[in-house]
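Enquirer: So that we are looking at the same thing, I have put the structure below in structure tokens.
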């Protein structure tokens with residue numbers, strides 16, 4: 001029944017981004033490993049089709065792989081550890097952006113306020129991230 005609920009929303013428009021050099025293979029592996037649902041939100045198509053982006057639910061949760069380190073990051077930044085993935089949160093208009101700052105390839109997840117607590121989404125994404133993206137030393 002959940003799968004049917006997600007079908008009526010259509011594709012999510014995701015602003016294309018140029019992935020960081022050398023991230024294409026890792027991002028492709030991550031997108032293949034991502035779950036069909038996060039926090040009961042069903043996976044949706046993205047427009048334009050992308051090998052570095054995924055989306056779920058309405059309003060959409062949007063994941064982008066291969067992003068640069070956010071300007072807000074500093075070596076003393078406090079990361080939120082959710083199932084062994086260190087996330088740097090940044091408040092945005094209508095939600096929060098989380099960047100996996102402790103991974104060799106960075107993943108950004110935009111989570112609308114409708115999905116509070118955001119940790120439920122991050123818990124659902126953590127296994128795919130841990131399995132496909134090696135951890136890196138923070139600098």
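No value in this document is a laboratory result; all are computed from the given coordinates. If you're wondering where the values come from, they're calculated on a predicted model, not measured in any experiment.
Enquirer: Got the relative contact order for region 21-73 handy, in percent, Cα pairs under 8 Å and 6 or more residues apart?
Expert: Taking the mean separation of contacting Cα pairs over the length of region 21-73, I get 30 percent.
Enquirer: With everything on Cα atoms, drop me the angle between helix 119-132 and the longest principal axis of the chain, reported from 0 to 90° to the nearest 10.
Expert: Once rounded, the angle reads 70 degrees.
Enquirer: When the chain is modelled as a GNM with alpha-carbon springs shorter than 10 Å, which of 53, 72, 28 fluctuates the most?
Expert: Checking each option, the largest mean-square fluctuation is seen for 72.
Enquirer: For the chain, how big is the tail of P(r) above 17 Å, as a whole percent of Cα pairs?
Expert: Across the chain, Cα pairs with separations above 17 Å total 57 percent.
Enquirer: From the Cα gyration tensor of region 88-139, with a ≥ b ≥ c the square roots of its eigenvalues, which class applies: rounded if a/c is under 1.5, or else prolate if a/b is larger than b/c, or else oblate?
Expert: Here region 88-139 falls in the oblate category.
Enquirer: On to the next question. What per residue convex hull volume, in Å³, do the alpha-carbon atoms of region 61-101 yield?
Expert: In region 61-101, the Cα convex hull volume per residue is 91 Å³.
Enquirer: Wrap a convex hull around the Cα atoms of region 19-75, take a quarter of its surface area, and give that in square nanometres.
Expert: It is 5.2 nm².
Enquirer: May I ask you to derive the relative contact order of region 31-139, considering only C-alpha pairs under 8 Å and at least 6 residues apart, and to give it as an integer percent?
Expert: 25 percent
Enquirer: Pairing the Cα long axis of helix 24-33 with the longest principal axis of the chain, what angle in degrees results, from 0 to 90 and rounded to the nearest 10?
Expert: 50 degrees
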